[in-house]
Amino acid sequence: PARHGAENLMRNVHERVSRLKAQASQRIADPVECFKLLAALGELAFRDWSPARLPDDFMRKLSASVTSCKSDLRAALGDSAWLPNCIEQGLVEELEALNAARLTTELSLASSLKGFHGGETPLELRMRLSKTSYEVDSYVLRHLDQLAYALAMARDLGIPVSEGFTQRARSEEDAVRAFLARVGPVFESAEDSLYPTYPELFPASFWWRRRP
């Protein structure tokens, strides 16, 4: 599964780089596309693939793919002074999507837990909760993954990000931390953990992927 995932990610990145190069000459790049390219390339480059024990020749192919895509993206950035603005706009839109997803999920869970005082069996608690751990992962944590991968790649490529955005991102990360502190123990009691079975697949800085 890990190799299949890595192959799909490589294909995704190369296709997005090709589209961006074609769009750059016409100055029509879409902020969502800019963000998705940066996030996918960041995941390909910074995800820890070592626990998957992929063959050495495949890892060399993956490394060469990252190097090639970074080179193409650097060239596009050098030729397009407006491209960093497209990337930041994509980051802003993803941050807003994360904020909206967290608030909606938090409100839904709070409503389903009204009157909860403990003492329920794990099954009863799972039936009470309005969201499963899979849904919290998909609706909230995956947004944070993608944002973190994109920001890591932006730093690696030397793409400037405004201080205003950086402050908003920190504030939202703090809000996610508080959200997980509130609901994480409830999901643990329901035997439906929010934390992955293999946290080592994620960068060490992804604290939300590790049980506190």
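A compact table of results
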read-out	value
LYS114 being more than 26 Å from ASP48 (Cβ to Cβ), free of Cβ contacts under 8 Å to residues at least 40 places away in the same chain, open to solvent by less than 60 Å² (accessible area, probe 1.4 Å) and basic (Lys, Arg)	no
Qualifying residue in the range 89-99 (condition: open to solvent by less than 60 Å² (accessible area, probe 1.4 Å), more than 15 Å from ALA148 (Cα to Cα), out of contact with any strand residue (DSSP E or B) (no Cβ under 6 Å at 6 or more places or on another chain) and not charged (D, E, K, R))	no
Checklist (1) surrounded by fewer than 18 Cβ atoms within 10 Å (Cβ to Cβ); (2) out of contact with any Asp or Glu (no Cβ under 6 Å at 6 or more places or on another chain); (3) closer than 22 Å to ARG209 by Cα applied to ALA64, failing item	(3)
Selected residue (criterion: surrounded by the most Cβ atoms within 10 Å (Cβ to Cβ)) from residues of the range 129-149 that are free of Cβ contacts under 8 Å to residues at least 40 places away in the same chain and not acidic (Asp, Glu)	LYS131
Extreme residue, surrounded by the fewest Cβ atoms within 10 Å (Cβ to Cβ), among residues of the range 150-164 that are part of a helix (DSSP H, G or I) and either touching a Ser or Thr at 6+ places or on another chain (Cβ under 6 Å) or of a type outside the set (A, V, I, L, M, F, W, C) (or both)	GLU163
Only one of TYR134, TYR195 that is of a type in the set (Ser, Thr, Tyr) and not in a helix (DSSP H, G or I)	TYR195
So GLN167, is it crowded, with 18+ Cβ neighbours inside 10 Å and either at positive phi or polar (S, T, N, Q) (or both)	no
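Listed here are the residues, each with its yes/no results for (1) aliphatic (A, V, I, L, M); (2) modelled with pLDDT of 95 or more; (3) in a helix (DSSP H, G or I); (4) under 28 Å from PRO199 (Cα atoms).
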site: ALA81; (1), (2), (3), (4): yes, no, no, no
site: GLU88; (1), (2), (3), (4): no, no, yes, no
site: LEU107; (1), (2), (3), (4): yes, yes, yes, yes
site: ALA110; (1), (2), (3), (4): yes, no, yes, yes
site: GLY119; (1), (2), (3), (4): no, no, no, no
site: LEU123; (1), (2), (3), (4): yes, no, yes, yes
site: MET127; (1), (2), (3), (4): yes, no, yes, yes
site: ALA148; (1), (2), (3), (4): yes, yes, yes, yes
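The values are calculated or read from the model by the stated rules, or taken from the named source; none is laboratory data. Owing to the predicted nature of the structure, the values given are computational and were not obtained by experimental measurement. No Cβ is skipped: glycine too gets one built from the backbone with ideal geometry, and neighbour counts run over all protein chains shown. SASA here: full protein model, heavy atoms, side chains in, ligands and nucleic acids out. Shrake-Rupley method; radii C 1.70, N 1.55, O 1.52, S 1.80 Å.
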